[in-house]
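Report on one structure; see the data block that follows.
The values are calculated or read from the model by the stated rules, or taken from the named source; none is laboratory data. A quick note: this is a predicted structure, and the numbers were derived from the prediction, not measured. Quick reminder, even Gly has a Cβ in these numbers, built from the backbone with ideal geometry, and neighbours come from all protein chains shown. When the accessible area is computed, the model is the full protein with side chains, heavy atoms only, and any ligands, DNA or RNA have been set aside. Shrake-Rupley method; radii C 1.70, N 1.55, O 1.52, S 1.80 Å.
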Amino acid sequence: MAAIAAAIISATAATRQSDPVVMTVNGKDIKQSEFEYLYKKNNLQQVSPQTIDEYVDMFVVYKLKVADAEAAGIDTTASFLDEFNGYCAELSAPYLRDSIVEKRLVDEAYARMYTSRCVSHILLPLGNTLDEREANRQRLDSIRSAILAGADFGEMAVKYSIDRSAQRNHGSMGYIKANMFPYPFEKAAYDTPVGEISPVIEDAPYGYHIIKVVDERPAVGDVSARHILKLTQGLLPEEAAVKKAQIDSIATLLKNGADFEELARTESEDPGSARQGGNLGFFGRGVMVPEFENAAYSLQPGEVSEPFATAYGYHIVQTLEYKPLPTLDEARKDIEAVMARDERSKLPQKEFLASLRSECGVNVSEAAVAEANSIIDSAANRADALAALQNSTALLAGFPAHDIRVSDVASRIAGMQQTPDLKLAFKQELDDCIDEATVKLARTRLTDTNADYRNLVNEYRDGILLFEISNRRVWDRSSNDVKAQADYFNLHRADYAWDAPRFKGYVVFATSDSVASEAKGYLALNAVGTDSLAKTLHDRFGRDVKVERVLTAKGENGIIDNIAFGGEKAAPVGKWVAWFPYGHKVLESPEEASDVKASLAGDLQQQLEADWVKELRTKYKVKINKKAIKKIQN
């Protein structure tokens, strides 16, 4: 722990010497690297680049607003932390991966493409509890020991494997190729020498395997072929004989020049490929049943096989084309896509984090884990076990920022829904705790040592705070604060004079003159407020009436010109053939803020911004290191 702290302090001291403070805002130091980074980025976005002196004041205001957001506690809210932590996770991800591991995995996957391996396996279930998992692992290890001592692998597969196909194939999977199976299975199949049996491997969620490598052969490229099939599965011998006669007749037709594709469409009983003229596309070794694979690979492009049988029925195959194994560059995209879907996508980070823990001397205490398991075993029920775990102070692992204790893991479990097995939940949550603490440590080191990362994180953090505080203090108030708008309008009424009178009010539209007359009569007899006008008329007249609020000058709207300014009757708009005004007046000048809301909102925003900046300059202390700034300028 002392070594870790010393390393971090040393790195921080070195950074401080090479990255001086250029200003302090509300007691918070701003480093040269951050200032210079934002200055250069700002100038890239400007038509006319700013000088350092011009930029300093803008930067100070920016940091004053951030300080105001921090003073308001925005940086402690759940919404801020969720957004900021999510960004940090995304931004730091490329830095928290071992690129050497990533390259190794790609190279490994490509190298395996050149070899096919004939394997057999025995599969046992994982188990629902940690104890069951350990028992199943030990049981499979005992089976492996028995086979090594002379027991027959196939017989043991029939007897113990939960893979149903073992009853038929005695555990044999034939030849497999790379990227066909989950990574733990593939790794064991390719890492185990020919003739030997792998150790027990865990392949979640499928179970535990042992794998016997029977043979190895060079892989070949893919082949494309089409076929015609007559199904015999489930048929009586005499029925199968009819199918044999049919496939022989088709073979004769093909030899006499019949079109393979056309015959496949009309005669093949493989519904999937028949629609494609029998075309199966490209496939490699280990995909098809052995008889079919051997036939396809034995032919030259364009050649047609004699009829042959598989477990499905009788086939005739025509080989179309061979595709050689790809180069690494050609295969890379597909390899990376497969890796992204399995646990290899996490291995570069896992190995990076494991290396960091090793470097920092962080180890998980097996004694503390054993103590936790003992507590679980001795408790009468789940509630008692959790209570005892939460009272335990046993140290599981120590990190520079904080320790992970048994009670920390127990608290995480207590907040979860019912867990089927506490031991298993404890193990999984402990693993997550260790990873999270390591990631936090890695990000701290990254912030201390990588200026690009640090500047991006600071920029994003300040950006979130700046947006939220600006919205509270300026943007939302200028757009939605009715009182602020009214106060500003009353103080600056003379600034919003109109050059012509305006109609202000509501226009009721109707689908006919009779509906318009009825609606007008209804409003004459009933006091209907403008705030409920649209709903009241809709409830009474449905879709035959609509209401629009209008504020417009002469010449801007033909209907309003007709209503208020002596214009000619306007043409109907769609189905709205009749209209009349309601709650209206003609104004020589605006009477309230809402009459000039669009222009007033912009003016109010400028005023609120200016008042806020003035307040900030008084509220928070700013100290500028002019010497440091000058060095940047030079």
**OP:** Sequence neighbours fewer than 8 away in the same chain don't count; with that in mind, list the aspartates and glutamates whose C-alpha is under 15 Å from residue 255.
**Re:** 303, 306
Subject >> In Hz, Karplus ³J(HN,Hα) per residue of the stretch 229-241 (6.51, -1.76, 1.60; θ = phi - 60°; x = Gly, Pro) >> reply: 10, 10, 6, 10, 4, x, 8, 6, x, 5, 6, 5, 5
**OP:** Among the lysines, select those whose C-alpha is under 20 Å from the C-alpha of residue 597, and discard any that sit fewer than 8 residues away in the same chain.
**Re:** 483, 504, 554, 585
**OP:** Would you calculate the separation in nanometres between label points at residue 494 and residue 526, each defined as 7 Å from the Cα along the Cα-to-beta-carbon direction?
**Re:** 4.7 nm
Subject >> C-alpha center-to-center spacing [the stretch 323-378, the stretch 521-585] in angstrom >> reply: 69 Å
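What ranking, highest mean first, results for peptides 177-189, 281-293, 330-342 when packing means the other Cβ atoms within 10 Å averaged over each residue?
Details: 177-189: 19.8, 281-293: 17.1, 330-342: 14.1.
Per-residue Cβ counts within 10 Å, averaged per peptide and sorted highest first, yield 177-189, 281-293, 330-342.
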**OP:** Using Cα pairs closer than 8 Å and at least 6 residues apart in sequence, work out the relative contact order for the chain, in percent.
**Re:** 16 percent
**OP:** Could you go through the stretch 386-393 in sequence order and give the Karplus-derived ³J(HN,Hα) for each residue, using 6.51 cos²θ - 1.76 cosθ + 1.60 with θ = phi - 60°, rounded to whole Hz, and x for Gly and Pro?
**Re:** 5, 4, 5, 5, 5, 8, 6, 9
Original post:
Is the shape of the stretch 123-164 rounded, prolate or oblate, going by the alpha carbon gyration tensor and its root eigenvalues a ≥ b ≥ c, with a/c under 1.5 for rounded and a/b larger than b/c for prolate?
Top reply: oblate
Original post:
Of the accessible area of the chain, with the probe set at 1.4 angstrom, what percent is carbon plus sulfur?
Top reply: 51 percent
**OP:** Any chance you could check the Cα centroid distance between the stretch 471-486 and the stretch 404-419 for me, in angstrom?
**Re:** 45 Å
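Mind putting a number on the dipole of the chain about its Cα centre? Charges go on the C-beta only, +1 for Lys and Arg and -1 for Asp and Glu, and I need it in Debye to the nearest 20.
Dipole of the chain, to the nearest 20 debye: 1420 debye.
Which of the three applies to the stretch 426-481, rounded, prolate or oblate, going by the alpha-carbon gyration tensor with a ≥ b ≥ c and a/c under 1.5 meaning rounded?
It comes out oblate by the Cα gyration axes.
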Original post:
With the other protein chains left in place, how much accessible area per residue, in square angstrom, belongs to the chain at a 1.4 angstrom probe?
Top reply: 54 Å²
Subject >> For the stretch 30-46, Karplus couplings with θ = phi - 60° (6.51, -1.76, 1.60), whole Hz, Gly/Pro x >> reply: 10, 7, 4, 4, 5, 4, 5, 4, 6, 4, 5, 5, 4, 5, 5, 9, 9
**OP:** Taking amide H positions as placed in the peptide plane 1.01 Å from N, state which residues far from residue 174 in sequence (5 or more) or on other chains have amide H under 5 Å from it.
**Re:** 119
**OP:** Compare the Cα positions of 570, 594, 616 along the charge dipole of the stretch 547-634 (+1 at Cβ of Lys, Arg; -1 at Cβ of Asp, Glu; about the Cα centre) and return the one farthest towards the positive end.
**Re:** 616
Subject >> Principal-axis tilt of helix 2-18 within the chain, Cα atoms, nearest 10 degrees >> reply: 50 degrees
**OP:** Find how many whole Å separate the alpha carbon centroid of the stretch 142-194 from the alpha carbon centroid of the stretch 440-454.
**Re:** 46 Å
**OP:** Subtract the Cα-Cα distance of residue 255 and residue 77 from 0.36 nm times their separation in residues, and report this length gain in nm to one decimal.
**Re:** 56.2 nm
Original post:
Could you work out the helix-only [θ] at 222 nm for the chain, with each DSSP H run of four or more residues adding -39,500 (n - 2.57) and the total divided by the number of residues, to the nearest 500 deg cm²/dmol?
Top reply: -17000 deg cm²/dmol
Subject >> Sites residue 325 and residue 202 - FRET efficiency at Förster radius 35 Å, r taken between beta-carbons, to 0.05 >> reply: 0.70
